[in-house]
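Student: My structure is below; once you've seen it, I'll send some questions.
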């Protein structure tokens, strides 16, 4: 195993997911394994992604509601509040660190809000 993370992007086929995919390449995010998740409608489609090391990978999109997230280190959720409320707890219960950019958990006192101006440490 390398020094990178096993990362999932939930909402990978949407507009925000496309930006996340691009930023992972542009910022040379250290990735050992990358999985894409989306709705059942998008499941099975293939997305080409350029790894920061220059390789182009063809990644098959998985159904976020049925895929087993076991083995991921981190999942970035960019699929909206409804999907986050339904799937983020399932991913977290599988041992995945969930980073959710929706409004689903912003008022939940048990979920840390990560905003540099609010909690810089």
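The values are calculated or read from the model by the stated rules, or taken from the named source; none is laboratory data. Keep in mind that what you see is a predicted model, and the values were worked out from it rather than measured. FYI the Cβ positions are ideal-geometry reconstructions off the backbone, even for glycines, and counts take in every protein chain you see.
Student: If I filter the stretch 19-37 down to residues being modelled with pLDDT of 95 or more and either within 17 Å of residue 84 (Cα to Cα) or touching a helix residue (DSSP H, G or I) at 6+ places or on another chain (Cβ under 7 Å) (or both), which single residue comes out as surrounded by the fewest Cβ atoms within 10 Å (Cβ to Cβ)?
Tutor: 35
Student: Give the stretch 86-98 a look and list any residue that's over 17 Å from residue 32 (Cα atoms) and surrounded by 15 or more Cβ atoms within 10 Å (Cβ to Cβ), or say none.
Tutor: Result: 87, 88, 90, 91, 92, 98.
Student: Determine, yes or no, whether residue 70 is touching a residue at least 24 places away in the same chain (Cβ under 8 Å) and not in a strand (DSSP E or B).
Tutor: Here the answer is yes, as residue 70 does meet what is asked.
Student: Evaluate the stretch 64-75: report whether one residue or more is over 23 Å from residue 94 (Cα atoms) and either touching a strand residue (DSSP E or B) at 6+ places or on another chain (Cβ under 8 Å) or surrounded by fewer than 15 Cβ atoms within 10 Å (Cβ to Cβ) (or both).
Tutor: No; the residues of the stretch 64-75 include none that is over 23 Å from residue 94 (Cα atoms) and either touching a strand residue (DSSP E or B) at 6+ places or on another chain (Cβ under 8 Å) or surrounded by fewer than 15 Cβ atoms within 10 Å (Cβ to Cβ) (or both).
Student: Among the residues that make up the stretch 67-75, is at least one of them closer than 17 Å to residue 32 by Cβ and in contact with a helix residue (DSSP H, G or I) (Cβ under 6 Å, 6 or more places away or on another chain)?
Tutor: yes
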